[in-house]
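Notes follow once the structure below has been shown.
Each value in this text was obtained by applying a stated rule to the coordinates, not by laboratory testing. This one's a predicted model, so the numbers in the text were calculated from it and none came from an experiment. Here the Cβ positions follow ideal geometry from the backbone for every residue, glycine too, while neighbour counts run over all protein chains shown.
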Amino acid sequence: MEYLLQMINISKTFGEVQSLRNVNFEVGYNEVVGLLGDNGAGKSTLVKIITGYHRPDPGGQIFWKGQPVDVMTVAKARELGIEVVYQERALADQQSLWRNIFMGRELCHRFGVLDVEKMRRETARLMQSHMGFTSKAITPDSTVKTMSGGERQGVAIVRALYFQAELIILDEPTMGLSLSETRKALDFVKGIKEAGKSAIFIDHNIFHVYPVADRIVVLDRGQVKGQFLKDQITLDELIAKLQHVAQTGRLE
């Protein structure tokens with residue numbers, strides 16, 4: 001099988017603490033992978049290696065579209081099309097919607113002058129075609145602080161898709177959201193797959209991950225303890241396996 005992202009034998013040590021131990025992790029093309037694990041399981045460390053913030057210990061290998069990546073850096077990850085949507089830090093609350101969409105990647109005229117009108121037009125188009133905003137109460141000039149949590153997650157995801165992200169990493173996107181807002185955020189996750197892209201959905205809540213994931217990977221104490229295709233395991237079966245891992249540190 002060909003993978004968009006493949007990580008082989010990835011370990012990471014901080015002093016005397018080994019955060020990851022011989023982790024093998026893959027994301028296929030047009031696949032949503034749920035990454036489950038309690039606090040301290042190593043989820044954040046794995047993501048920081050994928051995005052170039054940390055380098056793995058010697059011996060690990062990273063492949064992107066089948067080609068080895070000798071040194072993954074933050075700039076390299078973005079160049080490849082890897083984007084992260086953080087639950088709390090995805091957007092600038094005091095800025096307008098259009099500024100948030102194009103922040104750091106502003107559209108300009110050929111002489112380098114900001115093309116504000118084009119950015120507003122593109123934002124208005126995205127609001128209707130991808131974000132589901134039909135109310136006239138929210139415009140491209142509305143500040144993000146007036147939006148709900150689920151809407152903010154949608155904006156961050158759509159921004160990544162607009163700039164041709166191949167792999168979107170969602171860091172606990174439903175944390176702190178109400179039930180209705182969680183549903184809205186999960187709809188945006190489904191939109192990633194509908195757009196033909198891939199995602200890593202990081203969470204510790206199986207009830208949020210299971211409905212949208214194609215495959216679920218369980219990380220515990222720095223090791224992959226199991227992975228399951230959703231269409232081959234029921235939610236109740238998966239919950240039972242997760243409970244067993246939490247109690248014993250073993251899958252079986």
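Taking a quarter of the surface of the Cα convex hull of the chain gives a mean projected area of 15.2 nm². What the phi angles of the stretch 25-42 give under the Karplus curve with 6.51, -1.76 and 1.60, with θ = phi - 60°, is a coupling list of 8, 9, 10, x, 5, 6, 10, 9, 9, x, 10, 9, x, 6, 4, x, 6, x Hz, glycine and proline written as x. Magnitude of the charge dipole for the stretch 86-222, about its Cα centre and with charges confined to Cβ atoms of Lys, Arg (+1) and Asp, Glu (-1), is about 360 debye. Candidates Ile169, Leu235, Ser142 compared by Cα position along the dipole of the stretch 116-252: farthest toward the positive end lies Ser142, with charges placed on Cβ. Taking the Cα centre of the stretch 62-127 as the origin and placing charges on Cβ (Lys, Arg +1; Asp, Glu -1), which of Gly66, Val84, Leu114 is farthest toward the positive end of the dipole? Toward the positive end, the furthest listed residue is Leu114. Overall, the chain carries a charge dipole of about 520 debye about its Cα centre when +1 sits on the Cβ of Lys and Arg and -1 on the Cβ of Asp and Glu, all other atoms neutral.
Share of pairwise Cα-Cα distances greater than 27 Å in the stretch 1-136 is 39 percent (whole percent).
Applying a DSSP loop filter and a limit of 16 other Cβ atoms within 10 Å to the chymotrypsin sites (Phe, Trp or Tyr not before Pro) in the stretch 67-116 leaves Phe111. When only the Cβ of Lys, Arg, Asp and Glu is charged (+1, +1, -1, -1), the dipole of the stretch 48-94 relative to its Cα centre reaches about 120 debye.
Positive contributions from Lys and Arg (+1) and negative ones from Asp and Glu (-1), summed over other residues with Cβ under 10 Å from the Cβ of Ile82, come out at -1.
Annotation: lysines with alpha-carbon distance below 29 angstrom to Lys12 (same-chain offsets under eight excluded): Lys43, Lys48, Lys65, Lys76, Lys197, Lys225, Lys230, Lys241. Just to be sure I understand the curve: with the Debye formula and one point per C-alpha of the stretch 173-252, what is log10 I(q)/I(0) at q = 0.11, 0.23, 0.25, 0.27 Å⁻¹? Here the Debye-derived log intensity ratios amount to -0.32, -1.16, -1.26, -1.34. Dividing the summed helix terms, -39500 (n - 2.57) for each DSSP H run of n ≥ 4, by the number of residues in the chain produces a 222 nm estimate of -10000 deg cm²/dmol to the nearest 500. Identify which of Thr45, Thr182, Thr139 has the largest mean-square fluctuation in a Gaussian network model of the chain, with springs joining Cα atoms closer than 10 Å. Of the options given, Thr139 has the highest mean-square fluctuation. Of all DSSP bridge pairs formed entirely within the chain, close to 55 percent run antiparallel.
Sorted ascending by nearby beta carbons within 10 Å, beginning with the fewest, Val32, Val85, Val17, Val144 become Val17, Val144, Val32, Val85.
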